[in-house]
Amino acid sequence: MPEVSMLPVSAADDAELMSTLADLVNKVYAVAEQGLWIDGAERTNAAELAGLTRAGQIAVARVDGAIAGSVRIQDLGDGLSEFGMLAAAPEHRGIGVGRELVRFAEQRNPGRTMQLELLVPREWSHPSKEFLAGWYGRIGYELVRVGRLDEFYPALTPLLATACDLRVYHKALGAPPRDESGTAKLG
């Protein structure tokens with residue numbers, strides 16, 4: 001079973017770790033988003049991940065001490081949180097890495113609404129994106145909005161190899177369990 005935890009802020013200064021995470025995310029997204037981006041476009045880099053780690057937004061899954069996956073978790077305000085950049089290492093697929101990363105993100109945000117965004121090609125069907133849409137639906141996420149990528153992230157539009165939409169999903173998370181005194185018990 002994967003063990004998931006937030007990276008400490010100090011991990012941002014570990015150049016090798018940040019490079020390893022960037023390589024993992026880029027490798028996973030190169031397959032999951034094949035055909036969506038122009039050649040050479042990458043999902044992230046070590047500097048961006050260092051900044052997100054400093055902001056306390058990166059969680060990692062480990063299997064036998066090795067990085068098996070990662071996810072970005074952020075507070076968007078007004079009772080809304082989001083997870084993104086979800087990546088499970090190919091060599092650790094099928095053992096629940098993605099499921100544990102999502103569960104961890106959800107457990108850190110009880111009583112809130114969790115959001116995720118899924119980039120999909122507008123004029124054709126991408127097998128990875130169809131799989132993810134089905135998986136997110138099975139774990140309780142509902143489609144709440146579809147928009148053109150340029151509505152959300154106009155700076156990314158020139159990097160697209162095909163017209164894409166961004167599907168926004170939400171899941172209302174239950175309130176945290178409480179002890180006898182009524183105090184919320186957080187994980």
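The values are calculated or read from the model by the stated rules, or taken from the named source; none is laboratory data. Not measured: the values here are computed from a predicted model. So basically every Cβ, Gly included, is an ideal-geometry build from the backbone, and we count neighbours across all protein chains shown.
Structure above, values below:
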read-out	value
Residue count, the range 44-65 (criterion: assigned to a loop (DSSP other than H, G, I, E, B), surrounded by 19 or more Cβ atoms within 10 Å (Cβ to Cβ) and touching a residue at least 24 places away in the same chain (Cβ under 8 Å))	1
Answer residue from the range 132-183, given it is closer than 16 Å to S81 by Cβ and more than 18 Å from the chain's Cα centre (by Cα) and is modelled with the lowest pLDDT among those	P176
Residue within the range 72-89 that is buried (at least 17 other Cβ atoms within 10 Å of the Cβ), without any contact (Cβ under 8 Å) to a residue 40 or more places away in the chain and part of a helix (DSSP H, G or I) present	no
Output for the range 106-147, where each listed residue is charged (D, E, K, R) and either exposed (fewer than 13 other Cβ atoms within 10 Å of the Cβ) or in a helix (DSSP H, G or I) (or both)	E106, R122, E123, K129, E130, R138, E142
Lone unmet requirement of (1) more than 13 Å from the chain's Cα centre (by Cα); (2) surrounded by 20 or more Cβ atoms within 10 Å (Cβ to Cβ); (3) in a helix (DSSP H, G or I) for A68	(3)
A41 vs. criteria under 21 Å from H126 (Cβ atoms), of a type in the set (A, V, I, L, M, F, W, C) and surrounded by fewer than 18 Cβ atoms within 10 Å (Cβ to Cβ)	yes
Considering residues of the range 5-16 that are in a helix (DSSP H, G or I) and in contact (Cβ under 8 Å) with a residue 24 or more places away in the chain only, the residue nearest to A55 (Cα to Cα)	V9
Residue list for the range 24-38, restricted to those being buried (at least 16 other Cβ atoms within 10 Å of the Cβ) and more than 22 Å from T157 (Cβ to Cβ)	L24, V28
